[in-house]
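Report on the structure given below.
Read the figures in this text as sums done on the coordinates, not as results from a lab. Since this is a predicted model, take the numbers as computed values, not measurements. When we count neighbours, we look across all protein chains shown, and the Cβ atoms used for this are built from the backbone with ideal geometry, even at glycine.
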Amino acid sequence: MMPSRAGTKTLAAVALVVLLMVAPQLSEGDSLGPAIIDVSWSPPNPYWDEGLNVSANVTDPDGVASVMLQWCIGDICYPPVPMNVGEGNSYWYFVDRTFPNTTVTFDILAQDTQGNPSSYAFNVTFRPRPTSLLINATAVPYTLYPGENFTVTGRLTLNTGEPPSSATVRVYLSTEEVSSGQADPFGGFNITVKAPESSGNYTYLVVGEGEGFRAETEVEIRVIERPVADLV
């Protein structure tokens, strides 16, 4: 049985409506470049001379034609280089060069098989390597009675201004180690020390060690005899 002319017109109208609804989506999807997600780099806070590994997942319904990596220092941009294809949709590239103590803008440039581009930019600051460890410390309280405890408090700092990743602090009287402890993640420390049993002025050597560096400083205390009333 042949469809009626009215039925044919109805089907054509429905098809036209569906086409009008779908066409913008097809057009919009076709104009989009690849999706660049899960971008990461390691190490996250690199030193200026250790390079950088950049990775990302790149996908596109039409297929990914190319993924490039470009970096810029200020207004100077270097030619993009192709990123390596990893497993699945992953891409990676190891930037084997030095960036002397500066912030670098990296840009992942992708293009699908239809020629639609996309990009993902991020900044990485390359740190100078530390060359020494700095220490400051003081004894609290300065004046105390024989055998009382006092605190050697202070901070360790790399010459780059950052705290050491881990550090140990030791306190010496003459050549004898009398106390020790660990610096906190910010380089601060509070070491409890017992004062000598005899009155007098004492100088302690405070030694900090971390990340292969050593720093020294001195603190002083004054031990006084207890008042006679306190001894009764």
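A few notes on this one:
- Paramagnetic reach from Asp96 in the stretch 39-64 [backbone N under 13 Å; point 7 Å along Cα→Cβ]: 51-53
- Under the combined filter of DSSP loop state and at most 14 neighbouring Cβ atoms within 10 Å, the stretch 151-209 retains these GluC sites (Glu not before Pro): Glu197.
- Between 0 and 90 degrees, the angle of helix 5-30 with respect to the longest Cα principal axis of the chain falls at about 30 degrees.
- For the stretch 168-228, chymotrypsin sites (Phe, Trp or Tyr not before Pro) are listed when DSSP marks them as loop and at most 12 other Cβ atoms sit within 10 Å of their Cβ; the list is Phe186.
- For Ser66, the residues whose modelled amide H falls within less than 5 Å of its own, excluding neighbours fewer than 5 places apart on the same chain, are Gln111.
- Summary value for the chain: 15 percent relative contact order, contacts being C-alpha pairs under 8 angstrom separated by 6+ residues.
- Between the stretch 150-222 and the stretch 91-135, the Cα center-to-center distance that results, in Å: 38 Å
- Across all directions, the shadow cast by the convex hull of the stretch 33-125 built on its C-alpha atoms averages 5.7 square nanometres.
- In plain terms, if you count all Cα to Cα distances in the chain and split them into 10 Å steps from zero, the share in each step is 7, 20, 15, 13, 12, 11, 8, 6, 4, 2, 1, 1, 0 percent.
- As computed over the stretch 133-227, the Cα convex hull volume per residue (Å³): 75 Å³
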